[in-house]
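Here is the structure we will look at, set down as C-alpha cells.
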Amino acid sequence: GGQFFQWVYPKEENLVSAHRNYLVNYLNRFRSALDSSDFRDPDDGYLSFIDRASWIDSHIVHQLAKEPDGFAASSYLFKDRQGKIVLGPLWDFDRTMGSDFDLRSADPVGWHQHMFSHPWWNRLFQDPDFWVAWRDRWYELRQGPLSFAGMSALIDEMAVELGEAY
C-alpha cells in the first residue's frame with residue numbers, strides 16, 4: 001500500500017531473503033485482504049493477519065497522546081513465527097502533548113481526525129466490529145489506568161521522576 005518499512009530486527013543487512021520475502025508477501029496479503037470487498041471475513045479478511053487487540057491499544061494510546069506520527073511514520077510492528085502482526089511496542093512520542101515543533105499536538109482537546117483517516121485505519125474503522133472492540137476497550141481502560149485517578153497517579157509519578165532532573 002505504498003508504506004515504507006525499516007527493518008529493526010534482524011537488521012536489513014542480516015535479513016535472509018526468504019524471511020524478507022515472506023514478510024513482504026505477508027504484508028501485501030494483509031493489505032489486499034484489508035482492501036477486499038470481504039475484508040470483514042474472519043477467515044480471509046484482515047483479522048486473519050493482525051492482532052486486533054494490540055492495534056486497538058496502540059491507536060488509543062496514540063490518540064490520547066495526540067501523537068501524529070504514530071499512525072503513519074512511526075509505528076513499530078512485529079510478527080512472531082506463525083503469529084499475526086502485532087502493533088507495538090509503543091515508541092517515538094517526540095511529537096506529542098504540545099511539542100514545540102509539531103503543532104498538530106498542541107491542542108489537548110479532541111481527537112486527531114487524520115488518526116482515523118490513514119488508509120489502514122480508515123478501512124479498519126469501516127468494520128463495525130472493530131469500532132465496537134475499540135469502544136469497549138476505551139471504556140475498559142477508562143475504568144482503570146486511563147481513569148482520572150489512574151492518570152493523576154501517573155502524572156504524580158512522572159513528576160517525582162522528572163523532579164530528579166532539576
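Observations on the model:
- Computed from backbone phi with θ = phi - 60° and the Karplus coefficients 6.51, -1.76 and 1.60, the 3J(HN,Hα) list for the stretch 138-154 is 4, 5, 4, 5, 5, 8, x, x, 9, 6, 4, 5, x, 5, 4, 5, 5 Hz; x is used for glycine and proline.
- Cα-derived Rg over Rh, computed across the stretch 1-84 with Rh taken as Kirkwood radius: 0.98
- Residues of type lysines that K11 reaches as a straight line, Cα spacing below 27 Å, ignoring anything fewer than 8 places off in the same chain: K79, K84
Read the figures in this text as sums done on the coordinates, not as results from a lab. Remember, it's a predicted structure, so these values are computed and weren't measured experimentally.
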